[in-house]
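The values are calculated or read from the model by the stated rules, or taken from the named source; none is laboratory data. Small disclaimer: the values here were computed from a predicted structure and weren't measured. Heads up, the Cβs are rebuilt from the backbone with ideal geometry, glycines too, and the neighbour counts pull from every protein chain shown.
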Amino acid sequence: MGVGSVPVGLLHPGAMGAAVGACLVRAGAEVLWASQDRSDATAARAREAGLTDVRTVDALLERAGIVLSICPPHAALATAALAHDFGGVYVDANAVSPGTVREVAGLVPRARFVDGGIVGSPPTHEQGTRLYLSGPSAPGVAELFAGTTVECLVLSGGVGVASALKMAYASWTKGSAALLLTARDLARAEGVEDELANEWAHSLPQLADRLAAAERSAATKGWRWVGEMEEIATTMREAGLPDGFHQAAAATYRRYPRPRS
């Protein structure tokens, strides 16, 4: 399975999906998307990424040999349901629990299903990201990205393994950011925010930059991370571990509204 050998369908190109699609376009692949019922912001991203508009999801599924689902975690199941009769390779690269990704796989019974987990920021010409893959068809998907700034790592094991790694990784990165924001909010509520900042500067000087980065990320992407924190909580619970950390993180990110497009 080489780049350019079969069209790749992308459902639906948000910031991460469009960036991944652009990597494939630069490598010579034809990447399809469906503009029907999508926003002007999504259409602008797709144009900038060089994606080919086939108007409808049905047309995309008819032409594509590989479908990438890269969407907010709360939409993973509904997106898969659109591809119920798809018979090619379906890659779910969403931030969902192992249990959820197995449910997603059940919605595309005819497809060769690949579990994926993305770690990092949207890839660019210079900056890469990592895509973990698991399932029998994972090596072929990794080959698709050869020579791009998306580094694919194939994990042994079946569907659910890549998602488990993604959940464990994000449980710390985004979970600890939520805790830092909540600590700041507690100090603000009690009128000691400046004093806390002074103490952090004295004893934990690295936290100032981390707090600023957490605030920027939450302001732009916190709305999308609510579902991810809930998926991590589910993963923890299903593993017999406490889920309260990430239920609380979801509540923290829920306080950040979705930015206007």
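Okay, here's what the table says:
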read-out	value
Segment 119-136: number of residues that are surrounded by fewer than 24 Cβ atoms within 10 Å (Cβ to Cβ) and aliphatic (A, V, I, L, M)	2
Matching residues, segment 6-44, being without any contact (Cβ under 8 Å) to a residue 12 or more places away in the chain and in a loop (DSSP other than H, G, I, E, B)	D37
Among the residues listed as A43, A59, A78, the single one being surrounded by fewer than 13 Cβ atoms within 10 Å (Cβ to Cβ) and of a type outside the set (D, E, K, R)	A78
Any chance R102 is surrounded by fewer than 19 Cβ atoms within 10 Å (Cβ to Cβ), in the same structural domain as L68 (by TED's automatic domain parsing) and under 16 Å from the mean Cα position of the chain (by Cα)	no
Scope segment 105-122; condition assigned to a loop (DSSP other than H, G, I, E, B), over 12 Å from the mean Cα position of the chain (by Cα) and not hydrophobic (A, V, I, L, M, F, W, C); matching residues	P109, R110
Given (1) under 30 Å from A239 (Cα atoms); (2) touching a Leu at 6+ places or on another chain (Cβ under 7 Å), number of the condition K174 does not satisfy	(2)
Candidates P205, P257 - the one that is loosely packed, with under 15 Cβ neighbours inside 10 Å and either touching a Cys at 6+ places or on another chain (Cβ under 8 Å) or under 17 Å from H74 (Cβ atoms) (or both)	P257
Qualifying positions in segment 66-92 - part of a loop (DSSP other than H, G, I, E, B) and either in contact (Cβ under 8 Å) with a residue 60 or more places away in the chain or in contact with a Pro (Cβ under 6 Å, 6 or more places away or on another chain) (or both)	I70, C71, P72, A83, G88
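Conditions tested, residue by residue: (1) farther than 25 Å from W172 by Cβ; (2) in the same structural domain as M229 (by TED's automatic domain parsing); (3) in contact with an Asp or Glu (Cβ under 9 Å, 6 or more places away or on another chain).
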| position | (1), (2), (3) |
| --- | --- |
| I66 | yes, no, no |
| T79 | yes, no, yes |
| G106 | yes, no, no |
| G116 | no, no, yes |
| T124 | no, no, no |
| G128 | no, no, yes |
| A138 | no, no, yes |
| F145 | yes, no, yes |
| T148 | yes, no, no |
